[in-house]
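In what follows, a structure is listed as structure tokens, so that the remarks can point back to it.
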Amino acid sequence: MKYVLVTGGVVSGLGKGVTASSIGLVLKACGLRVTSIKIDPYLNMDAGTMSPFEHGEVFVLDDGGEVDLDLGNYERFLDLMLTRENNITTGKIYQSVLEKERRGDYLGKTVQVVPHITDAIKNHIESVATIPVDGQEGPADVCVIELGGTVGDIESMPFIEALRQLSFSVGPDNFCLIHVSLVPVLGVVGEQKTKPTQHSVRELRALGLTPHLLACRSAQPILDNTKEKLSQFCHVPAGNILNVHDVPNIWHVPLLLRNQNAHLSILKQLNLLRIAAAPDLRDWTNLAATHDNLTNSALLHACIACSLKPSIDWIAASDLEDESSKLTPEAHAAAWETLRKASCVLVPGGFGDRGVKGMILAAKYARENKVPYFGICLGMQISVIEFARSVLGWEKANSTEFDDATPNPVVIFMPEGSKTHMGSTMRLGSRKTLFQTADCITSRMYHKSAYVDERHRHRYEVNPESIGAFEEAGLKFVGKDETGNRMEILELPSHPFYVGVQFHPEFKSRPRRPSPVFLGFILAATGQLNLYLEKQQNGS
Ligand code: GLN
């Protein structure tokens, strides 16, 4: 196994994940099989228990792993299906060492960070690297490891030490270290400052790791004399110093690296030049060029397929509510104006009752005004509550997540969940949804397949006891799980596009393979859905 380690210096938030994914992509474009590992040096077992405000949105994998969102970049850039093991956290490592200690595996020994924790890290990396994640058999050629955080952080020290040992044991031909650093610009003349990078490389070297390449993040490309200075003081050949300056969208980054022959430097270091081909990035060139200035999301993937540039207006759901105490009349009016201007409405996932009243108002507005509505997870549950209240007249209908005492619990806690343990106790990961009919929008968008596998992350579900009343009133549950008791997709056939899904189709959406539900939503929003479905029916 050849390892490419990506570390970060100076500050966090440099875009290490995108840089590491892009490096992986360029190597893949050279014909190599690539896998990836993300190391997060925090004590949480996984990202599932962290706030999206602090840490970014959780990414859910097929196997139910709740992981860092960088794994989403890896899956999408490299077209992989990763496992929960591909995200290593301090919590997981300590847990495994402590379990062994309790079992008596180290009987008689003092259990220490070095060697026990560092050995566990090395073993974990070496075994995870061999898991096939690209649909082929056997291990990949190259494993890209991204070490989260900034070099010098106390948290990452055991990982740095383990990686130093790993680099030594696998040997120089099998290890390439790329350090991502910041080159700030100061003063009116705009001098590019190399000192922060010098310091972080010195820090790295003091810990026994020597970077083979530097990836310099900067607003503008770094100048030749800046490169020379960095080369001299950081002990890295000038040809291995890469410019990763700001670009209009992240899909430019692989091209930027390829244009500087980053792959040649890496392949040379890994002694792979003989077997690698010239990188073919034609698809990505098109993607990057056509979609400059857009943001990356499942919505964007669907828009790309329709050659549309999305304009996404975010509405804080609570701003739609009448009685919100914090609300100014202006914010309330602005939120409603935004909603009324929209060609479609998406209510995404969420937890807790914040904004729920506003989401219900948005769902009601979309249903009554025949505006395309797409509810994801909580967004689907919201549409069920709204329908129960407005159409069935069950005024107090609610989810027991928000009101335990509701007389009409239309969304209920799933029996297998845990109310005492939050970590990894939701219904998580890939589950089968069986279509109940081929005569509905979502089935047709999924090419009338009998079932779909999509990823889940929820604790509550539509109450199966209410289904009869809903269906009679025209709300159809067109996708269910294998038992038939769990509602996965709802549609309102009397509406041009009113779709709720209990799963999260965004996780499996890819830039060149958009999620079918997202695509249907965008087509409906732009009045093209019927034509698309007719063409599909005629096989064109
Ligand atoms: N809070 C809801 C549940 O647990 C929805 C979760 C979500 O939107 N991911 O079922």
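The values are calculated or read from the model by the stated rules, or taken from the named source; none is laboratory data. Every value quoted in this text rests on a predicted model; they were computed, and no experiment measured them. Using ideal geometry, Cβ is built from the backbone for each residue, glycine included, and neighbour counts are taken over all protein chains shown. What goes into the accessible areas is simple: the full protein's heavy atoms, side chains included, and nothing from ligands, DNA or RNA. Shrake-Rupley method; radii C 1.70, N 1.55, O 1.52, S 1.80 Å.
Would you be able to tell me the number of residues in segment 358-384 that are away from the ligand (no atom under 15 Å from the Cβ) and over 24 Å from Leu529 (Cβ atoms)?
Of the residues in that region, 2 qualify.
Among the residues of segment 410-446, how many are in a strand (DSSP E or B) and more than 13 Å from the ligand (Cβ to nearest atom)?
Number satisfying all stated conditions: 6.
Residues being in a strand (DSSP E or B) and either among the small types (Gly, Ala, Ser) or within 16 Å of the ligand (Cβ to nearest atom) (or both): count how many of those fall in segment 462-476.
Residues meeting the conditions: 1.
Quick one: which of Met445, Met414, Met487 is in contact (Cβ under 8 Å) with a residue 12 or more places away in the chain and either more than 29 Å from the chain's Cα centre (by Cα) or within 23 Å of Lys364 (Cβ to Cβ) (or both)?
Going through Met445, Met414, Met487 in turn, just one is in contact (Cβ under 8 Å) with a residue 12 or more places away in the chain and either more than 29 Å from the chain's Cα centre (by Cα) or within 23 Å of Lys364 (Cβ to Cβ) (or both): Met487.
Among the residues in segment 1-15, are any crowded, with 20+ Cβ neighbours inside 10 Å and of a type in the set (S, T, N, Q)?
yes
Give me the pairs: first residue in segment 345-361 and within 21 Å of Leu327 (Cα to Cα), second residue of a type in the set (Val, Ile, Thr) and within 10 Å of the ligand (Cβ to nearest atom), beta-carbon distance under 6 Å, and six or more apart or on different chains, which are they?
Going by the 6 Å Cβ cut-off, the qualifying pairs are Val347/Ile382; Met359/Val347; Met359/Ile382; Ile360/Ile382.
Are any of the residues in segment 462-482 touching a strand residue (DSSP E or B) at 6+ places or on another chain (Cβ under 7 Å), of a type in the set (Gly, Ala, Ser), surrounded by fewer than 16 Cβ atoms within 10 Å (Cβ to Cβ) and free of Cβ contacts under 8 Å to residues at least 24 places away in the same chain?
Checked against the condition, which is being touching a strand residue (DSSP E or B) at 6+ places or on another chain (Cβ under 7 Å), of a type in the set (Gly, Ala, Ser), surrounded by fewer than 16 Cβ atoms within 10 Å (Cβ to Cβ) and free of Cβ contacts under 8 Å to residues at least 24 places away in the same chain, segment 462-482 yields no hits at all.
Mind listing whichever residues of segment 447-461 are within 16 Å of the ligand (Cβ to nearest atom), touching a helix residue (DSSP H, G or I) at 6+ places or on another chain (Cβ under 9 Å) and over 9 Å from Phe503 (Cβ atoms)?
Tyr460, Glu461, listed by residue number.
Across segment 100-134, what is the total count of residues that are of a type outside the set (A, V, I, L, M, F, W, C) and within 17 Å of Gln165 (Cα to Cα)?
Selection size over segment 100-134: 10.
Let me spell it out: the conditions are (1) more than 16 Å from the ligand (Cβ to nearest atom); (2) closer than 22 Å to Phe477 by Cα; (3) open to solvent by 50 Å² or more (accessible area, probe 1.4 Å), and Phe387 meets all of them except one. Which number is the exception?
(3)
Going by what's in this entry, would Ile222 be described as buried (at least 18 other Cβ atoms within 10 Å of the Cβ), under 17 Å from Val180 (Cβ atoms), touching a Cys at 6+ places or on another chain (Cβ under 8 Å) and at pLDDT below 95?
Judged against the criteria, Ile222 is a match.
Test Ile37 against the stated conditions and say whether it is outside any helix (DSSP H, G or I), farther than 20 Å from Pro505 by Cβ and open to solvent by less than 10 Å² (accessible area, probe 1.4 Å).
Yes: the conditions hold for Ile37.
Name the residues in segment 477-489 that are more than 16 Å from the ligand (Cβ to nearest atom) and in a loop (DSSP other than H, G, I, E, B), would you?
Scanning segment 477-489 gives Glu482, Thr483, Gly484.
For segment 128-154, enumerate the residues that are out of contact with any helix residue (DSSP H, G or I) (no Cβ under 8 Å at 6 or more places or on another chain) and among the hydroxyl-bearing types (Ser, Thr, Tyr).
Passing the criteria: only Thr130.
Would you say Arg354 is farther than 21 Å from Leu299 by Cα, basic (Lys, Arg) and within 15 Å of the ligand (Cβ to nearest atom)?
When the stated conditions are applied, Arg354 passes them.
I'm trying to understand the selection: among the residues of segment 311-351, which are more than 23 Å from Leu300 (Cα to Cα), within 16 Å of the ligand (Cβ to nearest atom) and among the small types (Gly, Ala, Ser)?
none
Criterion first (modelled with pLDDT under 90 and hydroxyl-bearing (Ser, Thr, Tyr)) does Ser51 satisfy it?
So Ser51 passes the test.
Within segment 507-540, track down each residue that is among the β-branched types (Val, Ile, Thr) and outside any helix (DSSP H, G or I).
Across segment 507-540, the qualifying residue is only Thr526.
Within segment 399-409, how many residues turn out to be open to solvent by 20 Å² or more (accessible area, probe 1.4 Å) and either touching a helix residue (DSSP H, G or I) at 6+ places or on another chain (Cβ under 7 Å) or within 9 Å of the ligand (Cβ to nearest atom) (or both)?
3
Can you list the helices (runs of 4 or more DSSP H) found entirely within segment 263-382 that contain at least 3 residues being surrounded by fewer than 21 Cβ atoms within 10 Å (Cβ to Cβ) and out of contact with any strand residue (DSSP E or B) (no Cβ under 8 Å at 6 or more places or on another chain)?
It comes to 282-290, 329-341, 356-368.
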